[in-house]
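Contents: one structure, followed by commentary.
The values are calculated or read from the model by the stated rules, or taken from the named source; none is laboratory data. All figures in this text were calculated on a predicted structure; none of them were measured in a lab. Every residue, glycine among them, receives a Cβ derived from its backbone with ideal geometry; neighbour counts consider all protein chains shown. Heavy atoms of the whole protein, side chains included, go into the accessibility calculation; ligands, DNA and RNA do not. Shrake-Rupley method; radii C 1.70, N 1.55, O 1.52, S 1.80 Å.
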Amino acid sequence: MKGEVILRVEGLWKYFGDVIALRNINLEVLKGELLVLLGPSGSGKSTLLRIIAGLEKPTKGKVYMDSEDITDLPPYKRDTSMVFQSLALFPNMTVYDNVAYGLKIRGVPKDEIDKRVDEILDLVKIRELKNRRVTKLSGGQRQRVAIARSLILNPSILLLDEPLGALDLKLRKELHVELKRLHEEVGNTWIFVTHDQEEALTLADRIGIMNNGRLEQVGDKWDLYEKPATRFVAEFIGETNLIDGKVVEVGDKYIVVDWMGEKIYAPVLENIDRGMNVSISIRPENISVSFRPKSVGEGVNIYEGEVVDELFKGSYVIYYVKIRNGQVIRATVLSKDADFDVGNKVYIYWRFDKGVTIID
Amino acid sequence: MRIEISGKIIKYILAIYTGLTIGFFIYFPISILYIYSVNNTPYFIPEWRGFTLQWFLKIFERGDLLNSIWNSLIIAVFVTAISMALGIPPSFYLVRTKGRIRDAYFLYLMIPFIIPWIIIGVADFILFWFIGVNKSLLTAALSHIVYSIPLIVVILTPRIYSLDPSLEEASMDLGADELTTFRKVTFPLIFPSIASAAIITFAWSFDNFVISYFTLGNELTWPVWVFSVIGKVPRIMPIINATSVIIITVSSIAIYILAKKGLTELF
């Protein structure tokens, strides 16, 4: 059934010598979803994928699939299949032999193998390449062979480790559409690792953000964008202003934070207290800019400042506004309303609930 | 442009120079062997005395010669098989581990490769005397293995090193256990190096004189037999000559077939 938990990772730690690759990872993957693990290189996302595939053993922690503990199962006894970053196509074999490999190992009769290879090659649209040597294929074609080789085994979970990393941008974009279609047609669970934010936003049902061995946040793209749980997530997805300060007052709806001499209102959090250090993330498009101070209501942040720089982006303009405490805030304005110039005195303002309070 | 052209010319000159050297010192003498193997005279005289196959037929009249070739073949097969079995596993170990123990092990393994064969021969001669083992084909074969293991390691390790480890991971991920993965993925991919290692080990063992001389018993290998009859048995040169021609021809054909098969399997 869709929506059930198919894979659960519990308290996972991984050390390589003294280097900590994973720090206490807890993750639930839902049946049928396309989960993207997104993070910079070295963040541990590939290691997590390899542990799920059985190619690495965790130092601590457990992996459960359909509630069964599979932590110590070798890769060939798991119902997962991996598409490698290098693709790892067997260079001494044809497309057919590569794709048929898993079925041959399982002792499936020859005529059934032939039938299923044809079906899967149709699905990835490379049937005419069946008897080619894989060394004679283009990057995009090799990609399709690698996916077909895994999909033919009908794995409960397909693992993809930056499979598009070596391709050029245009081809990647084509394959994104293709992959999305494949995932919908096949209907199994996919875990896709990438460092490419755009790729993640295009493909994912849910995204898990990884940084420095930690799984910082898991959620759909709107969750991550609108309610980032950590500074890293706030900065990694989209543009944002990150404001650091100390809580000076805790109200019912909002807190007051001292930001280098300025007061700033931000949403209240459950376990927040006076004196705590917090960060406030405020997206540039949530900040308004005007020449005159607007009449302010309760919990509205308003600052006087000067435009120090502008960046024309086509449909919108980014203004860099320096306020009285010396900090520069970025605000975006649609080009049709962008009447400001460098040197202008302006006011920037936003209601407290446009910001996000982060305790890191 | 000019630099490019002169660079090309230099490369040609170097290639031709090497080609001529090998031609003069190796292929030219060998072609003389071929000519005299069918020349109707037992002496190396600069004169054509007519075509004959008598030297080839005479090989079969010399039981001691046939026996020595047979002994050489047996030893070479035995040495190749045992050395491969002992040389392949450490090649993987050396490529896939790091650290001081690995480095020390590498030295330990490779030193026999640079020890002069005469020292290996004499040392093993003393060893067999010391532990009271009668020298035989077996003692000679065991002595050949000493230098064959590092030889195999030297040939195999670069190939294993260049093997993408994710190929084996992919195989296991697709359902093959370790053994099946080795059989279906690793072995075919390193086969060209395994084949060259086997051919060279075989050839060196078949050919070995120095070590065999010290470690054989009453049964002789072909090189040792040649040494024992030259200058002592009259009219033996053309027979040795004919034998050499057969050995060169057969081994050239074998290498050609193996090289061709190895290449088509890969590309």
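Key figures for this structure:
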read-out	value
Computed over segment B:129-267, Kirkwood Rh from alpha-carbon pairs, angstrom	18.2
Nearby aspartates and glutamates by direct alpha-carbon distance to A:Lys125 (threshold 12 angstrom, same-chain neighbours under 8 apart not counted)	A:Glu178
Given chain B, longest segment not containing exposed loop GluC sites (Glu not before Pro) (DSSP; at most 12 other Cβ within 10 Å)	B:62-267
The protein assembly as shown - charge dipole about Cα centre, Lys and Arg +1 at Cβ, Asp and Glu -1, debye rounded to 20	2140
Fraction of accessible area attributable to carbon and sulfur, segment A:1-155 (%, probe 1.4 Å)	47
Estimated D of segment A:208-265 in µm² per second, where Rh is the Kirkwood radius over Cα pairs and Stokes-Einstein applies at 25 °C, 0.890 mPa s	189
Kirkwood hydrodynamic radius of chain B, Cα pairs, Å	21.9
Gaussian network model of chain B, Cα within-10 Å springs - most flexible of B:Ile236, B:Ile45, B:Ile74	B:Ile45
Segment B:1-66 - Kirkwood radius from inverse mean 1/r over Cα pairs (Å)	15.3
Segment B:1-88, accessible area per residue, ligands and nucleic acids excluded (1.4 Å, Å²)	71
Magnitude of the charge dipole, chain B, Cβ model with Lys/Arg +1 and Asp/Glu -1, debye to 20	580
Segment A:274-329 - Rg over Rh from alpha carbon coordinates, Kirkwood radius	1.00
List A:Met210, B:Met237, ordered by accessible area with a 1.4 Å probe, largest first	B:Met237, A:Met210
Trypsin sites (Lys or Arg not before Pro) restricted to DSSP loop in segment B:223-264 with at most 10 other C-beta within 10 Å	B:Lys232, B:Arg235
For segment A:223-334, convex hull volume per residue from C-alpha positions, Å³	118
Alpha carbon Rg of the protein assembly as shown, scaled by the compact-globule rule 2.2 N^0.38 Å	1.45
Highest-fluctuation residue, A:Val308, A:Val268, A:Val134 considered, GNM on chain A with Cα pairs under 10 Å	A:Val308
Residues in segment A:105-139 that, when all protein chains are in place, have 40 Å² or more less accessible area than the chain alone would give (probe 1.4 Å)	A:Ile105, A:Arg133
At 1.306 mPa s and 10 °C, Stokes D of segment A:126-279 from Kirkwood alpha-carbon radius, µm² per second	84
Percent carbon-and-sulfur accessible area, segment A:239-358, ignoring ligands, DNA and RNA, probe 1.4 Å	45
Distance from segment A:160-184 to segment B:152-181 (C-alpha centre basis), Å	28
Residue of B:Pro46, B:Pro89, B:Pro192 that the Gaussian network model of chain B assigns the largest fluctuation, springs spanning Cα pairs under 10 Å	B:Pro46
Neighbour-limited loop hits for chymotrypsin sites (Phe, Trp or Tyr not before Pro), segment A:216-303 (at most 14 other Cβ within 10 Å; DSSP other than H, G, I, E, B)	A:Phe291
Surface accessible to a 1.4 Å probe, per residue, for the residues of segment A:150-305, Å²	46
Summed buried accessible area for A+B [probe radius 1.4 Å, Å², rounded to 100]	1900
Carbon plus sulfur fraction of accessible area for segment B:77-124, probe 1.4 Å, in percent	77
Vicinal HN-Hα couplings computed from phi for segment B:97-113 (Karplus, 6.51 cos²θ - 1.76 cosθ + 1.60; Hz; Gly/Pro x)	10, 10, x, 5, 5, 4, 5, 5, 4, 4, 4, 3, 6, 8, 4, x, 5
Heavy-atom accessible area per residue - segment A:9-74, 1.4 Å, Å²	41
Calculated over segment B:1-160: convex hull of Cα atoms, volume per residue (Å³)	227
Cα coordinate range in chain A, projected on the principal axes (Å, largest first)	78, 44, 40
Qualifying trypsin sites (Lys or Arg not before Pro) for segment A:199-267 [loop in DSSP, other Cβ within 10 Å: at most 16]	A:Lys253
For segment A:1-95, convex hull volume per residue from C-alpha positions, Å³	136
